[in-house]
Amino acid sequence: MSSGAGRLDVARVRGLFPALSDGYVHADGPAGSLVPENVAHAVGSAMRMPVADRGGVFPASGRAEALVSAARAAVADLVGGRPGGVVLGPNMTTLTYALARTLARTWRPGDEIVVSRLDHDANIRPWLQVAAATGVTVRWAEVDIETGELPAWQFAELLNRRTRLVAVTAASNALGTRPDVAGIAAQAHAVGALLYVDAVHAAPHVFLDKTSLGADFVAVSAYKWCGPHVGAVVADPELLEQLRPDKLLPSPDRVPDRFETGTPPFELYAGVSAAVDHLAGLCGETAGSRRDRLRASMGAVARHEGDLFDWLDQALRAMRHVLVLGAPERATPTLSFTVAGMRPRQVVAELARAGICGWDGDFYARELFDAIGVNEVGGAVRLGLMHYNTADDVGRMIDAVAALRPR
C-alpha cells in the first residue's frame, strides 16, 4: 500500500526487518513475529554497557533500574495501563501460573471460575489446575463450531455470585476470533468476578485499551509484537496491592516487584521498550504521545492487514480442496484450514518448499481443536499476517495453496 495519512508505507516498514532478506514469506507471525533492527540494536547496546542488578548506588545499577522502568512504561502505553501495575516476566504462561496460584489463595470449595474453549491453553490449564487443588467448580464457555464465535450471551447462564474469575482471550491465536470482551467484562463485574484477558494474539493487530476492555488483568507477550521473549501482565496497582504472591523473603515487597522472581533479563527489557517504539513509529510522522502514536499506528496496521487478509480468506474459502475453520465476524488476520487428502504436516512441508513459513498442529488451542474435531488428523494449518506482509506475499500464499494436491 502507498504511504499517506493513516496508511503504512510497507516498503519502508519492510526495510526495518533484516530477517526479511531470506526471501521467505513469513506467514508465521501468530507463533512469533520477526524482529526489527531497532529492537536488535537496543538489546545489543544494553549488553555492551555496564549493567548491574537493581538497588545499587553506582551507575551500572542505575541503568538496570532505568531499563526496568522504561519497559514498564512502554507496556503500559501499549495496553492503556499504568507503569506501576505492569508485572514483567519470562512469558505469559509463567506469569499466569503465578497469578493463578496467588488468586486461588482466597478461593474456597464451592466457588466457581469460567474458562473458554476458544482460548490458548495458557489461559485455561493454570486455572483448571488451581481449581482442582482448591475444590473450585469450573464452568466452560463454548464456541460455536461453525462460526468460531464465542457468544457473549452464554455468560449470563454461566455466572453467579460464587464466580470468582473469568478467563477469556481478546483474540484466538488459531481462528483469529475477537470475542466481545467488554460485554463479557460487564457481566463478570456485575457478579463481583475478576476478568483475566489473554491479549497475546490481539496486541500485534489492534489498539488495546485495558479500560475499554473492562479487564482486571491483561496479559501480553513481546515476541508477538516484534520484541524479545518477555511477558507482562498489567493490572491496576491497587488490585495488585491486595495480592500476596510467593516470594523470597529478601526480595522487594512493593508492587509490582513482589510478583517478579529472580534477576530479570535487563537487556531484553531494552528490547521491549524498543518494540513498543517500533509499533508507535509505524505511521512515520504522526505526532503526540507514544500512546497517541500507537493509536494511529495500530489503526493503520488494522487497515493494511485487513485488506490483505480479506483477499487471502476469500481466496482460500473458494478452493474446493480447502476447508477454512470458522468464519468469525471480527477477527485478527489469522486463519486455520485443512486440505482434503493431506495431513497438516504435509501441507506445511509443501508450503515451505514454495518459500512460505506456516505452522501445523493445534497451536495450543487444544480444547478448541478437540471441539472442532481436527486434532485426530494432526490439527490444522495456520497462516497469519503481520504489518510487514505484502500483497505479493498473499499472492504467493494463494498460489501455493491452490497448487496443493494429495499425493
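Just for the stretch 373-398: of the residues that are of a type in the set (D, E, K, R) and closer than 22 Å to residue 326 by Cα, which one is modelled with the lowest pLDDT?
Step one: of the stretch 373-398, the residues of a type in the set (D, E, K, R) are 376, 382, 392-393, 396.
Still in the list and also closer than 22 Å to residue 326 by Cα: 376, 382.
Details: 376: 95, 382: 99.
Among those that are of a type in the set (D, E, K, R) and closer than 22 Å to residue 326 by Cα, it is 376.
Any residue that is within 21 Å of residue 100 (Cβ to Cβ) and not aliphatic (A, V, I, L, M) - is there at least one of those in the stretch 146-158?
Yes, the stretch 146-158 has at least one match.
Any residue in the stretch 114-129 that's under 20 Å from residue 156 (Cα atoms) and in contact (Cβ under 8 Å) with a residue 40 or more places away in the chain: show its pairings with residues that are of a type outside the set (A, V, I, L, M) and surrounded by fewer than 24 Cβ atoms within 10 Å (Cβ to Cβ) at Cβ separation under 6 Å, as long as the two are six or more apart or on different chains.
Hits for this filter: 114/139; 117/142; 117/367.
Which of the residues spanning the stretch 322-333 are over 23 Å from the mean Cα position of the chain (by Cα) and either surrounded by 16 or more Cβ atoms within 10 Å (Cβ to Cβ) or closer than 20 Å to residue 222 by Cα (or both)? So that I can check it myself, show each step before the final result.
Pass one, the stretch 322-333, residues over 23 Å from the mean Cα position of the chain (by Cα): 322-323.
Correct list: 322 only.
Residue-wise test of (1) hydrophobic (A, V, I, L, M, F, W, C); (2) closer than 16 Å to residue 120 by Cβ; (3) without any contact (Cβ under 8 Å) to a residue 12 or more places away in the chain.
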{"position": "327", "(1), (2), (3)": "yes, no, no"}
{"position": "344", "(1), (2), (3)": "no, no, no"}
{"position": "356", "(1), (2), (3)": "yes, no, no"}
{"position": "382", "(1), (2), (3)": "no, yes, no"}
{"position": "392", "(1), (2), (3)": "no, no, yes"}
{"position": "405", "(1), (2), (3)": "no, no, no"}
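Could you please find all residues in the stretch 1-44 being in contact with a strand residue (DSSP E or B) (Cβ under 8 Å, 6 or more places away or on another chain), over 23 Å from residue 70 (Cβ atoms) and either assigned to a loop (DSSP other than H, G, I, E, B) or of a type in the set (A, V, I, L, M) (or both)?
1, 19, 20, 24, 25, 27, 31
With 168, 138 as the choices, which residue is surrounded by 15 or more Cβ atoms within 10 Å (Cβ to Cβ), hydrophobic (A, V, I, L, M, F, W, C), modelled with pLDDT of 95 or more and not assigned by TED's automatic domain parsing to the domain that holds residue 368?
Exactly one of 168, 138 is surrounded by 15 or more Cβ atoms within 10 Å (Cβ to Cβ), hydrophobic (A, V, I, L, M, F, W, C), modelled with pLDDT of 95 or more and not assigned by TED's automatic domain parsing to the domain that holds residue 368, namely 168.
Could you tell me how many of the residues in the stretch 293-334 are closer than 19 Å to residue 376 by Cα and part of a strand (DSSP E or B)?
3
Starting from the stretch 256-285, take each residue that is of a type in the set (Lys, Arg) and list its partners that are outside any helix (DSSP H, G or I), counting only C-beta distances under 8 angstrom and pairs at least six apart or across chains.
If the second residue must be outside any helix (DSSP H, G or I), the pairs left are 258/244; 258/245; 258/247; 258/251; 258/252.
Of the residues 111, 77, only one is of a type in the set (Asp, Glu) and out of contact with any strand residue (DSSP E or B) (no Cβ under 6 Å at 6 or more places or on another chain); which? Write out each step before concluding.
Values: 111 fails: out of contact with any strand residue (DSSP E or B) (no Cβ under 6 Å at 6 or more places or on another chain).
Just a single option satisfies the conditions, and that option is 77.
For residue 47, all conditions in the list (1) part of a helix (DSSP H, G or I); (2) closer than 20 Å to residue 232 by Cβ; (3) touching a residue at least 24 places away in the same chain (Cβ under 8 Å) hold save one; what is the number of the exception?
(2)
Looking only at the stretch 103-119, which residues are assigned to a helix (DSSP H, G or I) and surrounded by fewer than 19 Cβ atoms within 10 Å (Cβ to Cβ)? Step through it out loud before you land on a result.
Pass one, the stretch 103-119, residues assigned to a helix (DSSP H, G or I): 103-106.
Across the stretch 103-119, the qualifying residues are 105, 106.
I'd like the full set of residues that are touching a residue at least 40 places away in the same chain (Cβ under 8 Å) and surrounded by fewer than 21 Cβ atoms within 10 Å (Cβ to Cβ), limited to the stretch 229-238. Spell out how you get there, then give the answer.
Keep residues of the stretch 229-238 that are touching a residue at least 40 places away in the same chain (Cβ under 8 Å), which gives 229-237.
Listed by number, the residues that qualify are 229, 236, 237.
Filter the stretch 363-403 for residues that are assigned to a loop (DSSP other than H, G, I, E, B) and surrounded by 23 or more Cβ atoms within 10 Å (Cβ to Cβ) and give the result.
The answer is 363, 365, 379, 385, 386, 387, 388, 389.
Only residues that are surrounded by fewer than 19 Cβ atoms within 10 Å (Cβ to Cβ), of a type in the set (S, T, N, Q) and in contact with a helix residue (DSSP H, G or I) (Cβ under 9 Å, 6 or more places away or on another chain): list them for the stretch 264-317, please.
Once the filter is applied, which keeps residues that are surrounded by fewer than 19 Cβ atoms within 10 Å (Cβ to Cβ), of a type in the set (S, T, N, Q) and in contact with a helix residue (DSSP H, G or I) (Cβ under 9 Å, 6 or more places away or on another chain), the stretch 264-317 yields 286, 289.
Which pairs do you get when a residue that is without any contact (Cβ under 8 Å) to a residue 40 or more places away in the chain and within 24 Å of residue 31 (Cβ to Cβ), found in the stretch 83-105, comes within reach of a residue that is among the aromatic types (Phe, Trp, Tyr) and buried (at least 23 other Cβ atoms within 10 Å of the Cβ), reach meaning Cβ atoms under 9 angstrom, with the pair 6+ apart or on two chains?
Going by the 9 Å Cβ cut-off, the qualifying pairs are 100/127; 100/196.
Could you tell me which residue of the stretch 120-178 is nearest to the chain's Cα centre (by Cα), considering only residues that are in a strand (DSSP E or B) and closer than 20 Å to residue 373 by Cβ?
This residue is 177.
Please pick out the residue among 212, 221 that is in the same structural domain as residue 102 (by TED's automatic domain parsing), surrounded by fewer than 18 Cβ atoms within 10 Å (Cβ to Cβ), under 26 Å from residue 330 (Cα atoms) and modelled with pLDDT of 95 or more. If you could, list the steps in order and put the result at the bottom.
Numbers: 221 fails: surrounded by fewer than 18 Cβ atoms within 10 Å (Cβ to Cβ).
Exactly one of 212, 221 is in the same structural domain as residue 102 (by TED's automatic domain parsing), surrounded by fewer than 18 Cβ atoms within 10 Å (Cβ to Cβ), under 26 Å from residue 330 (Cα atoms) and modelled with pLDDT of 95 or more, namely 212.
The values are calculated or read from the model by the stated rules, or taken from the named source; none is laboratory data. Treat the numbers as computed from the prediction; the structure is a model and nothing was measured. All Cβ positions, glycine included, derive from the backbone under ideal geometry; neighbour counts span all protein chains shown.
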